[in-house]
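Chemist: Dropping a structure here in structure tokens format, bear with me for questions.
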Amino acid sequence: MDFFNRRDGELYAEEVPVSRIVAQYDSPCYIYSRATLERHFRAYDQALGDLPHRICYAVKANGNLAVLNVLARLGAGFDIVSGGELERVIRAGGDPGNTVFSGVGKQRWELERALEAGVYCFNVESEAELELLNTVAGEQGRRAPVSLRVNPDVDAGTHPYISTGLRDNKFGIDINRARDVYGHAASLAHLDIIGVDCHIGSQLTETEPFLDALERVLVLVDSLAEDGITLHHLDMGGGLGVPYRDETPPSPQAYGEALRERLGARNLELILEPGRSIAANAGIMVTRVQSLKPGEARSFAIVDAAMNDLIRPSLYDAWQGIESVVDNSLAETAVYDVVGPVCETGDFLGKDRELAIQPGDLLAVRSAGAYGFVMSSNYNARNRPPEILVDGDHVYLARRRETLEEQMAPELPLPELDS
Ligand code: LLP
């Protein structure tokens, strides 16, 4: 459930008409709803109830400082995958001590900084990383808290680009080898083994793959206990899907209950790393129709946002809802491909959409709060759009629109050359 609703033929972000926000900040722009972010976070927190747990929001889904700050104020933990995400969490008032550090290719400087900052746990993905972390911790005279990310070899049944728990994927340590690797980790002087984690993929619409993975991880937990390695937590990663169209993913409540049931009376803290299910439906991207191009085969609505602003449709063939911000009773309904100005056929936001629109009208692309702005680029030398956070009837600018000056600032023209 989200707080983008229609009233009198017009889309509102909480208490504010979307058209009013665009009148101030222009299009394209991203708009986020604080109440929706909070509702989604609390749904997880409540679902796990009195089971010891941490909800570590996956910063990669939407790392805007205002968004992170909203979650930090609720006591959220964070899941980061880079030194940059760590600095964002700290800048936004998040607690590094409640932050887990995931990622397949952590660099030395990132490990150093995260150790200094005191992250709660390093989710280690390989033996090489284990050695490097042990060395870095030794140099700092610290002990690094670690969990091994195991690859449980389950099929998440999602898009191949965002499926991560199969043996063929680059992620984690093969669960069949994990017991040995834990044994080795236990022999390293500067590491504290505190947990185990897995993340099998994103946009899962069923609970079964999670439960299959959990079952396999619990077998590992038990065999480690036999080896004298007692874990404090189990981290199931993120991945719960959202309804973009007609998907019916389990609610955080149902998912949480299923996990609790399987965990039984084990003395393990449960960590979850949800990203999409907190942020996706807490955001929209608004774009203006530039022109309509009717054709025999297809008709196009050419809008002012493009694949550089929101790449999910182009990259994953993802479907996201598109609707008029204000009903236009003068326009005839027709079927359009909603496309941007970028010079690629793959530059579309939606295909075969029934819309009653005229040039100048605003369209809202729904479910754009996760993997939206964070995946934007300057392709075609386009400035990245602003991000706006709505809280009740308050509108906050959370990131202003980039300028051409800022876009080109890091670039250096060649010095004058003698010919
Ligand atoms: N934890 C780890 C270790 C992850 O790799 C991810 C996402 C998450 C948590 C959060 O997963 P979520 O709850 O958001 O599903 N750009 C793609 C999604 C990539 C997901 C990558 N990993 C998209 O737009 O669909």
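Every read-out reported here was derived from the displayed coordinates using simple, explicitly stated rules and does not represent laboratory data. As the structure is a computational prediction, the values presented were derived from the model and not from experiment. Heads up, the Cβs are rebuilt from the backbone with ideal geometry, glycines too, and the neighbour counts pull from every protein chain shown.
Chemist: Looking only at the chain, where both bridge partners belong to it, what percent of the DSSP beta bridges are antiparallel (to the nearest 5)? Walk me through the intermediate numbers first.
Modeler: Values: 34 of 70 bridges.
Here the antiparallel bridges make up roughly 50 percent for the chain.
Chemist: May I ask you to list the residues of segment 310-332 whose amide nitrogen lies under 19 Å from a point 7 Å from Cα along the Cα→beta-carbon direction of Arg6?
Modeler: 320-332, by backbone N distance to the label point.
Chemist: Only helices at least 24 Å long along their axis, Cα-based, and averaging 0.0 or more on Kyte-Doolittle count here, so list those DSSP H runs from the chain.
Modeler: 208-226
Chemist: Same structure again: Taking every DSSP beta bridge with both residues inside segment 34-277, roughly what % is antiparallel (nearest 5)?
Modeler: Numbers: 1 of 30 bridges.
Around 5 percent antiparallel, to the nearest 5.
Chemist: Oh, and also: If you average 1/r over every pair of different alpha-carbon atoms in segment 1-158 and take one over that average, what Kirkwood value in Å do you get?
Modeler: Values: mean 1/r = 0.0560 Å⁻¹.
It works out to 17.9 Å.
Chemist: Suppose R0 equals 22 Å. What FRET efficiency, 1/(1 + (r/R0)^6) with r the Cβ-Cβ distance, do Arg39 and Leu315 give to the nearest 0.05? Walk me through the numbers on the way to the answer.
Modeler: Details: r = 28 Å, r/R0 = 1.28.
Once the sixth-power term is evaluated, E becomes 0.20.
Chemist: Normalising by the residue count of segment 34-277, find the relative contact order in percent from Cα pairs under 8 Å and 6+ residues apart. Can you show the working numbers first?
Modeler: Numbers: 497 pairs, mean separation 50.5, N = 244.
Once normalised by length, the contact order is 21 percent.
Chemist: Hey, another quick one. For Ser202, Ser277, Ser291, Ser82, which order do you get if you count the other beta carbons within 10 Å of each Cβ and list the fewest first?
Modeler: Values: Ser202 24, Ser277 29, Ser291 11, Ser82 19.
Ranked by crowding around the Cβ, least crowded first: Ser291, Ser82, Ser202, Ser277.
Chemist: Excluding same-chain pairs closer than 8 in sequence, count the lysine pairs in the chain whose Cα atoms lie under 29 Å apart.
Modeler: Working: Lys60/Lys106; Lys60/Lys170; Lys60/Lys351; Lys106/Lys170; Lys293/Lys351.
For the chain, the number of qualifying lysine pairs is 5.
Chemist: Averaging sequence separations of C-alpha pairs under 8 Å and six or more residues apart, then dividing by the length of the chain, give the relative contact order as a whole percent. Walk me through the numbers before you get to the answer.
Modeler: On the way: 949 pairs, mean separation 80.5, N = 419.
Reported relative contact order: 19 percent.
Chemist: Can you list the chymotrypsin sites (Phe, Trp or Tyr not before Pro) in segment 333-399 that are in a DSSP coil and have 12 or fewer other beta carbons within 10 angstrom? The partial results should precede the final answer.
Modeler: Numbers: sites: Tyr336, Phe348, Tyr371, Phe373, Tyr379, Tyr396; in loops: Tyr371.
Qualifying residues, ordered by number: none.
Chemist: Would you work out the relative contact order for segment 1-92, in percent, from Cα pairs under 8 angstrom that are 6 or more residues apart? Don't skip to the end; give the middle numbers.
Modeler: Working: 82 pairs, mean separation 19.9, N = 92.
Relative contact order for segment 1-92 comes out at 22 percent.
Chemist: Tell me the net charge near Arg382. Cut-off is 13 Å between Cβ atoms, Arg382 excluded, with +1 for each Lys or Arg and -1 for each Asp or Glu. Spell out each step's value before the answer.
Modeler: On the way: positive: Arg384, Arg401; negative: Asp304, Asp309, Glu344, Asp347, Glu402, Glu406.
Taking every Cβ under 13 Å from that of Arg382, the sum is -4.
Chemist: Let me ask something else. Once both labels are modelled 7 Å past Cα along the beta-carbon direction, what's the Ser291-Glu402 spacing in nm?
Modeler: Inter-label distance under the simple model: 2.6 nm.
Chemist: Right, another one. What is the sum of charges, Lys and Arg at +1 and Asp and Glu at -1, for the other residues whose Cβ falls under 12 Å from the Cβ of Thr333?
Modeler: -2
Chemist: Another question, if that's okay. Using a Förster distance of 51 Å, how high is the FRET efficiency between Tyr379 and Arg177, based on the Cβ-Cβ distance and rounded to 0.05?
Modeler: Numbers: r = 41 Å, r/R0 = 0.80.
After rounding to 0.05, the efficiency reads 0.80.
Chemist: Across segment 34-277, how large is the tail of the calculated P(r) beyond 33 Å, expressed as a percent of all Cα pairs?
Modeler: Of the Cα pairs, 11 percent sit more than 33 Å apart.
Chemist: On alpha-carbon atoms, Rg over Rh for the chain using Kirkwood Rh? List each step's numbers first, then the result.
Modeler: Numbers: Rg = 23.0 Å, Rh = 22.8 Å.
Result for the chain is an Rg/Rh of 1.01.
Chemist: DSSP loop (so not H, G, I, E, B), at most 14 other Cβ within 10 Å: list which trypsin sites (Lys or Arg not before Pro) in segment 323-401 pass both filters. Please report the intermediate quantities before stating the final value.
Modeler: On the way: sites: Lys351, Arg353, Arg366, Arg382, Arg399, Arg400, Arg401; in loops: Arg366, Arg382, Arg400, Arg401.
Passing both the DSSP loop test and the Cβ count: Arg400.
Chemist: Separation between the Glu354 and Ser299 pseudo-spin-labels, each 7 Å from Cα along Cα→Cβ, expressed in nm?
Modeler: Roughly 1.3 nm, to one decimal.
Chemist: Also: Taking R0 as 56 Å, what's the FRET efficiency between Glu261 and Leu412 from their Cβ-Cβ distance, rounded to 0.05?
Modeler: On the way: r = 59 Å, r/R0 = 1.05.
Computed FRET efficiency for Glu261 and Leu412: 0.40.
Chemist: Return the whole-Å distance between the Cα centroid of segment 197-273 and the Cα centroid of segment 360-419.
Modeler: Here the answer is 36 Å between Cα centres.
Chemist: Okay, moving on. Go ahead and set up a Gaussian network model of the chain, Cα springs under 10 Å, then flag whichever of Ala409, Ala178, Ala189 fluctuates most.
Modeler: With Cα springs under 10 Å in the chain, the top fluctuation among Ala409, Ala178, Ala189 is at Ala409.
Chemist: Which of Lys170, Lys293 comes first, and how do the rest follow, when ranked by fewest Cβ neighbours within 10 Å?
Modeler: Taking fewest neighbouring Cβ atoms as first place, the list is Lys170, Lys293.
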